[in-house]
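Have a look at the structure below, then the notes.
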Amino acid sequence: MKKLAIVIFICSFFMLRPHELQQTGMFYPTDDYGYFAHASAIVYGQFPSYKKEVYFGSEPRPLTGIGPGLMASPLVFVFSLLDRLAGADIVTQRTAENVVHSWSLFGFILASHLYFCLGCFLLYKSVRFYVPDRYAVLSVILMAVCQGLPVYVFRRPVSSPGFEFFLQSLCVYFLFNRVRDDSSRPGYLFASGLGVVIGLMVLTRYNNLAMAAVWPFVILCARVSDFKKTGFWARLSAVFAVAALVVAVFMILPNLFIPASRLSRVGNTLLQGFGPMFYLRRMGHILAGIDWGLIYTAPFLIVGLIGIMTMRFPLRRRLFICLLPMLLNLYVAIMWRTQGGYYGYRFLFPSMIPLLAYPLALGLQRLEKIFKRHTVKVWLSLALLPVLSMVCFLGNQSSLALSGVEQYFGVPGPGNNTFQMEIWEMFLFAPGQLVVVLLKGGFFYLWHMICVMFEGVGILPNIIFIRYPVFGGVTLIKICSLYALPFLLYGMLRRKRKTD
């Protein structure tokens, strides 16, 4: 687990850009506003009213799911105490200007990092039940740290993928631990906790409804004969009752009083009719399109799918059942006709990664027995595709950024139709530009800090001075907290394991 914490830190060092935290708070219009509005409305005692959240749009309430805001609200509350002590304007009313540099927003950012790290550690512990440590660590690194998630966690933290990944990883942990210890029977306390988890899963992304419906059956049912037992159905009923209560309190009832009027647009998009060739072309594009094709942005999902289809192993049937609801997410990705407005196919990888980490670990183990240690080099070479894709996203050049374009299936919006080609063109013909992109994260900030410490600010290169015109002490505290988080979590989990 220590190796995993180190890799998460290294990833954050390259991916996290401190100048964005100092300048914009990593807080962007549209969906980010909605996610934070949910959290701030809860923390500052306004929920279900959003009258004091004056920045998120013309709607009476945000269209985004409340799940991430609800999950982040404990940390948002803790850090909001600093805003309250300082008498900040954010306490009375939230605007786009006073949110950016607030401690309340940092609470949400820290929560996103926390849930990502916890999801990685839970996934590691789950896979570790069945394979040696070496393969469990490598599998989680390749699946969770190298494929898209860090873009959202470290550059767009006020979003849903990190929270969605955690909830799915937690359910995987419940399942693996339940099967490993088959003698224990989950009680009603566990059933209630599971109900909260699947309720949050629905509130985080509405298209996870099918997944939330399947998990309780898979986790609680140890064998087919359980379907004949009243105890199983009683615990299952408790799960869905608690989940329904969570969804009712935080989504259904607020929507009755303050309806969101534009949800019908989503339904119209998903219910369009197309011919068979459209679906084939769209599937091919999701797989291999040179904008966000899975073979470039998430190749280990494909490897994991091949593994679950071709190998026999414990839990295969259960994991396959859990993958079936992902067909709904795939359908959403197909009908949306774009990547979803930011990086990669975010409708797919946050939920699929936890389900496919174990098949990938088994594949690593079995192939290494055949080809010896040379297979590690092959996997790391394959990881270069998604890692370069993540690091270069929104790099220095306009060719690496998003712009308003008409994408491949006739949908206008933020995209980059040749993103993968632009990366490899820079990699092969302009490696100096690639080095600058790699240094934009922790290295530039470290250089800036060294110059400040030794009073050498005047010798800062212009490219750094533009990003850090002044020293921000608060920014330093926030960045150090984010960098230290995986090690703090690792220490807490290790200490707990020793006491147990």
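The values are calculated or read from the model by the stated rules, or taken from the named source; none is laboratory data. All figures in this text were calculated on a predicted structure; none of them were measured in a lab. Note that each Cβ is placed from the backbone with ideal geometry, even for glycine, and that neighbours are counted across all protein chains shown.
Worth pointing out:
- Being in contact (Cβ under 8 Å) with a residue 60 or more places away in the chain, more than 16 Å from residue 173 (Cβ to Cβ) and not small (Gly, Ala, Ser) is a property that residue 224 lacks.
- Which listed residue is among the charged types (D, E, K, R), part of a loop (DSSP other than H, G, I, E, B) and touching a Phe, Trp or Tyr at 6+ places or on another chain (Cβ under 8 Å), from 346, 312: 346
- Search result, residues across the range 271-304 that are among the β-branched types (Val, Ile, Thr) and buried (at least 22 other Cβ atoms within 10 Å of the Cβ): 297
- From 318, 312, 337, residue being crowded, with 16+ Cβ neighbours inside 10 Å and either β-branched (Val, Ile, Thr) or more than 22 Å from the chain's Cα centre (by Cα) (or both): 318
- Residue within the range 31-42 that is surrounded by fewer than 21 Cβ atoms within 10 Å (Cβ to Cβ) and at pLDDT below 90 present: no
- Residue in the range 77-85 that is under 22 Å from residue 48 (Cβ atoms), surrounded by 15 or more Cβ atoms within 10 Å (Cβ to Cβ) and of a type in the set (Phe, Trp, Tyr) present: yes
- With respect to the conditions (1) surrounded by fewer than 17 Cβ atoms within 10 Å (Cβ to Cβ); (2) not in a helix (DSSP H, G or I), residue 210 lacks only one, and its number is (2).
- Residue in the range 101-112 that is surrounded by fewer than 24 Cβ atoms within 10 Å (Cβ to Cβ), in contact with a helix residue (DSSP H, G or I) (Cβ under 8 Å, 6 or more places away or on another chain) and part of a helix (DSSP H, G or I) present: yes
- Filter result for residue 73 (surrounded by fewer than 24 Cβ atoms within 10 Å (Cβ to Cβ) and either touching a helix residue (DSSP H, G or I) at 6+ places or on another chain (Cβ under 6 Å) or of a type in the set (Ser, Thr, Tyr) (or both)): yes
- Within the range 365-398, considering residues that are assigned to a helix (DSSP H, G or I) and of a type in the set (D, E, K, R), the one modelled with the highest pLDDT: 366
- Every pair of residues 6+ apart whose Cβ atoms lie under 6 Å, when the first sits in the range 85-100 and is assigned to a helix (DSSP H, G or I) while the second is of a type in the set (Lys, Arg) and surrounded by fewer than 17 Cβ atoms within 10 Å (Cβ to Cβ): 91/84
- Residues of the range 176-218 that are modelled with pLDDT of 90 or more, among the β-branched types (Val, Ile, Thr) and more than 17 Å from the chain's Cα centre (by Cα): 196, 214, 218.
- Restricting the range 133-182 to residues that are free of Cβ contacts under 8 Å to residues at least 12 places away in the same chain and in a helix (DSSP H, G or I) leaves a set whose member that is surrounded by the fewest Cβ atoms within 10 Å (Cβ to Cβ) is 133.
- Taken as a whole, the condition of being outside any helix (DSSP H, G or I), of a type outside the set (D, E, K, R) and crowded, with 17+ Cβ neighbours inside 10 Å applies to residue 27.
- Residue 468 being modelled with pLDDT under 80, hydroxyl-bearing (Ser, Thr, Tyr) and crowded, with 18+ Cβ neighbours inside 10 Å: yes
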